[in-house]
Amino acid sequence: MLRTKITNSCTCTDEDGEPTLDDCYGCWQDVVSEFTSDVEQFFNSATNGEFRIEGLPLWYGDVFRVTKVANAKELLRAITVNGDWQLSYWVEGEILHCLLSHHDVPTGRAFTVEPIIESEE
């Protein structure tokens, strides 16, 4: 079981690889690309892009919801917060296991994401 840790707190660099606040080359795109690659089979198992998120840790408590997304980047947005965050994740069978840390949950809390698979009738 491969466990990956990603963050949206990237250190941006210029074309020469030097830290900068002006331009950012590749940092966020690399995070999205890694997540997309890691969850590709899991993501494609949802027949219509719907996922059940159970226990997403937000400032007002754990959230249980269903979300419909078009791609893995939108799924990543749905399982993180609008702020700095760190996400550890791994796929085990049909479940994406996650541990999300952010300013309201600095030590992190676990939650799961499952594809909603429509039965063919």
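The values are calculated or read from the model by the stated rules, or taken from the named source; none is laboratory data. Given the structure is predicted, the values throughout are model-derived calculations rather than measurements. Positions of Cβ are generated from backbone atoms using ideal geometry, with glycine treated the same way; all protein chains shown enter the neighbour counts.
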Worksheet item: Name the residues in the stretch 74-103 that are out of contact with any helix residue (DSSP H, G or I) (no Cβ under 7 Å at 6 or more places or on another chain), in contact (Cβ under 8 Å) with a residue 24 or more places away in the chain and closer than 22 Å to A46 by Cβ, would you?
Response: A78, I79, T80, L87, S88, Y89, W90, E92, E94, L100
Worksheet item: When you look at D30, is it under 15 Å from the mean Cα position of the chain (by Cα), surrounded by 15 or more Cβ atoms within 10 Å (Cβ to Cβ), at pLDDT 75 or above and among the acidic types (D, E), yes or no?
Response: no
Worksheet entry | Check on G55, at pLDDT below 95, assigned to a strand (DSSP E or B), among the small types (G, A, S) and surrounded by 14 or more Cβ atoms within 10 Å (Cβ to Cβ) | no
Fill in: Selection within the stretch 93-116 - among the hydrophobic types (A, V, I, L, M, F, W, C) and either within 23 Å of V69 (Cα to Cα) or not in a strand (DSSP E or B) (or both)
I95, L96, C98, L99, L100, A110, F111, V113, I116
Item to complete: Starting from the stretch 107-121, keep only residues that are aromatic (F, W, Y), then list their pairs with residues that are modelled with pLDDT of 95 or more and assigned to a loop (DSSP other than H, G, I, E, B) whose Cβ atoms are within a distance under 9 Å, requiring at least 6 positions of separation or different chains.
Response: F111/I79
Discussion item. Can you pull out every residue in the stretch 62-87 that is buried (at least 16 other Cβ atoms within 10 Å of the Cβ) and more than 19 Å from G49 (Cα to Cα)?
Written reply: V81, W85, Q86, L87
Fill in: Output for the stretch 50-91, where each listed residue is closer than 12 Å to P115 by Cα and touching a Pro at 6+ places or on another chain (Cβ under 9 Å)
E50, F51, R52
